[in-house]
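Each value in this text was obtained by applying a stated rule to the coordinates, not by laboratory testing. Here the structure is a predicted model, which means the values were calculated and not measured. Positions of Cβ are backbone-derived with ideal geometry, glycine not excepted, and every protein chain shown enters the neighbour counts.
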Amino acid sequence: MEIWKNLDDAMEAFKKNDPEKLVKSLAKAIRLHSRIVEVPDFYKQILEERIESYPNDLDSLVCYIQMETQRGIWRENISKASAQFPEDEYLALSTALFLLIYKKDAKAAMNYVERVLKIFPEYEHLLYCKILAVKSFDVNNDVYFKSIDALLAAVPDDSPYVPECHYLKAAYYCSIENKLKFIECYEAGLAAEKKQLSCFLPFRFKGCGLLENRYLKEISMDKKAYQQERKKIDPKRKFLISENRQLFKSHVDENGVKPFTPSQPLQGRYTYKNDWSTLKKITLKDMNPMKLEAYKECILEAKIIDWAVFEYCIHTVIEDENGDIQRLTFKNWALSDDIKKDIKQAMKIFRPNVKISIACPYYTGNEEIIVFGSDFVSFDTSMIDKFCHVCGKEAKSLLSCSNCKMALYCSKECEKIDQTDFKHKEICENLKIFKTA
Ligand SMILES: [Zn+2]
Ligand SMILES: [Zn+2]
């Protein structure tokens with residue numbers, strides 16, 4: 001994704017202390033998708049100095065305005081800036097949002113958007129802004145649906161705006177009690193989510209909880225069953241688990257592990273001694289991808305949902321109570337002289353349905369949580385063998401994979417999903433090595 005590449009470039013430039021390159025890359029990312037780009041706090045000083053020394057530099061202006069609006073500060077100079085650089089789509093967008101959100105003048109925003117859309121007819125964020133403007137004075141109107149369709153026509157299938165457009169329509173039909181249309185649009189939204197890149201999932205939007213509850217009511221399904229159904233088709237889940245299994249396959253041989261020289265655990269450096277009962281509970285939703293540091297004084301409670309891979313660290317996938325998932329990388333697992341034995345031992349702990357509590361989780365921003373050693377975690381293995389490895393459903397007796405006997409399923413359907421979609425076949429033979437009686 002181009003956005004992430006530009007953000008990485010900006011970070012690189014930050015490390016090399018190259019403010020010019022930083023604002024250039026950051027401004028590019030902001031123009032691509034200002035809603036998902038968050039300017040990290042540690043850029044603040046650089047951007048302030050930059051705007052002071054080069055008040056007329058377009059890229060610096062773009063970064064500065066994005067940082068300020070993100071911090072809730074709207075400056076009257078946004079409109080001035082866009083008049084100075086009428087060819088910049090981001091400044092046009094900011095001006096429209098300034099009128100709409102800060103000035104609360106939907107009519108003025110609408111007029112402005114209509115005008116700048118003539119210059120940037122394909123700029124999806126402006127098209128989205130138009131929808132917001134129309135919505136704030138009259139949803140009961142042809143223009144509203146037309147503006148939604150205009151955005152749908154302008155963006156590719158994997159744009160996060162596609163599901164949102166369908167859900168906006170669904171919300172409208174919900175409000176006028178047109179049940180059939182509501183279900184149709186909501187399901188179109190669900191289908192569109194499947195085409196999203198994994199970094200945009202799970203898909204969240206304002207009011208999604210209400211809409212989801214209504215949908216469940218209409219199709220008479222309870223929430224737990226619905227979440228289990230969604231796990232079977234969630235593209236992010238499919239991606240992260242398949243990827244983990246690909247890694248698994250490339251790191252085991254007939255003895256269970258390819259020879260490797262592990263990095264030595266760093267004694268004493270990564271220890272955690274505080275009182276766990278005082279830690280604040282957080283979920284994956286509370287972790288900001290732009291905050292590249294440990295969440296001190298916090299605890300993340302999750303469930304391991306895949307097998308462990310031993311590279312130099314331990315890799316697996318975890319799921320929190322909301323059903324959100326992320327990669328987990330465990331560093332500094334203590335090793336003895338007998339690595340094979342260590343790995344077999346660790347395989348008993350790092351496996352589906354084991355609960356893991358992580359103190360001070362470290363989020364790298366790359367869909368990955370890092371744990372720096374055993375002092376930061378506690379495990380609860382009592383749930384092993386009680387839940388389906390695919391959908392998480394509890395069952396008294398679970399089916400097991402006929403070959404490895406390690407993977408457990410609530411139904412033939414889940415077995416099939418695991419074998420094909422989640423690539424169980426690739427690891428099945430090797431998994432047998434870790435079967436314990
Ligand atoms: Zn299942
Ligand atoms: Zn198997």
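Using DSSP to define loop residues, name the GluC sites (Glu not before Pro) in segment 51-153 whose beta-carbon has at most 15 other beta-carbon atoms within 10 Å.
Within segment 51-153, the qualifying GluC sites (Glu not before Pro) (loop, at most 15 other Cβ atoms within 10 Å) are E76, E87, E122.
With the chain treated as a Gaussian network of Cα nodes joined by springs under 10 Å, which of S250, S34, S382 yields the largest mean-square fluctuation?
Top of the fluctuation ranking is S382.
Tell me, S147, S198 in order of fewest to most beta-carbon neighbours within 10 Å?
With the sparsest Cβ surroundings first, the list reads S198, S147.
Measure out, as a whole number of angstrom, how far apart the alpha-carbon centroids of segment 405-437 and segment 1-71 sit.
Here the answer is 46 Å between Cα centres.
If you take the C-alpha gyration tensor of the chain, multiply each eigenvalue by 5 and take the square root, what semi-axes do you get, largest first, in whole Å?
Equivalent ellipsoid semi-axes, largest first: 43, 30, 18 Å.
Please arrange D337, D105, D158 by counting, for each residue, the other beta carbons lying within 10 Å of its beta carbon, fewest first.
Taking fewest neighbouring Cβ atoms as first place, the list is D337, D158, D105.
Take M347, M383 and order them by how many other Cβ atoms sit within 10 Å, fewest up front.
The order, fewest Cβ neighbours first, is M383, M347.
With n ≥ 4 as the cut-off for DSSP H runs, can you work out [θ] at 222 nm for the chain, using -39500 (n - 2.57) per run divided by the number of residues, rounded to the nearest 500?
Per the formula, -14500 deg cm²/dmol.
Taking 19 Å as the cut-off for C-alpha to C-alpha distance, list the pairs among K238/K303; K118/K169; K107/K206 that go past it.
K118/K169; K107/K206
Only Cα pairs within less than 10 Å get springs; with that Gaussian network setup on the chain, which residue of F372, F14, F387 has the largest fluctuation?
Looking only at F372, F14, F387, the biggest GNM fluctuation is shown by F14.
Name the most mobile residue of E319, E229, E301, meaning the one with the largest mean-square fluctuation, in a Gaussian network model of the chain with Cα contacts below 10 Å.
E229
Go through T420, L398, T381 and say which Cα lies farthest out towards the positive end of the charge dipole of segment 235-434; charges sit on Cβ, +1 for Lys and Arg, -1 for Asp and Glu.
Among T420, L398, T381, the one farthest towards the positive end of the dipole of segment 235-434 is L398.
Under the Karplus relation 6.51 cos²θ - 1.76 cosθ + 1.60, θ = phi - 60°, what is the ordered set of whole-Hz ³J(HN,Hα) values for segment 112-120, x standing for Gly and Pro?
Once rounded to whole Hz, the list reads 5, 4, 4, 5, 6, 5, 5, 7, 10.
Could you order the peptides 130-138, 390-398 from most to least packed, using the average number of other C-beta atoms within 10 Å per residue?
Sorting 130-138, 390-398 by mean packing, highest first, produces 130-138, 390-398.
Pick out, from I349, I370, A359, the residue whose Cα sits farthest towards the positive end of the charge dipole of segment 342-381, with +1 on the Cβ of Lys and Arg and -1 on the Cβ of Asp and Glu.
Toward the positive end, the furthest listed residue is I349.
Under 19 Å from the Cα of K21, which lysines turn up, not counting those fewer than eight places away in the same chain?
Straight-distance partners of K21: K5, K44.
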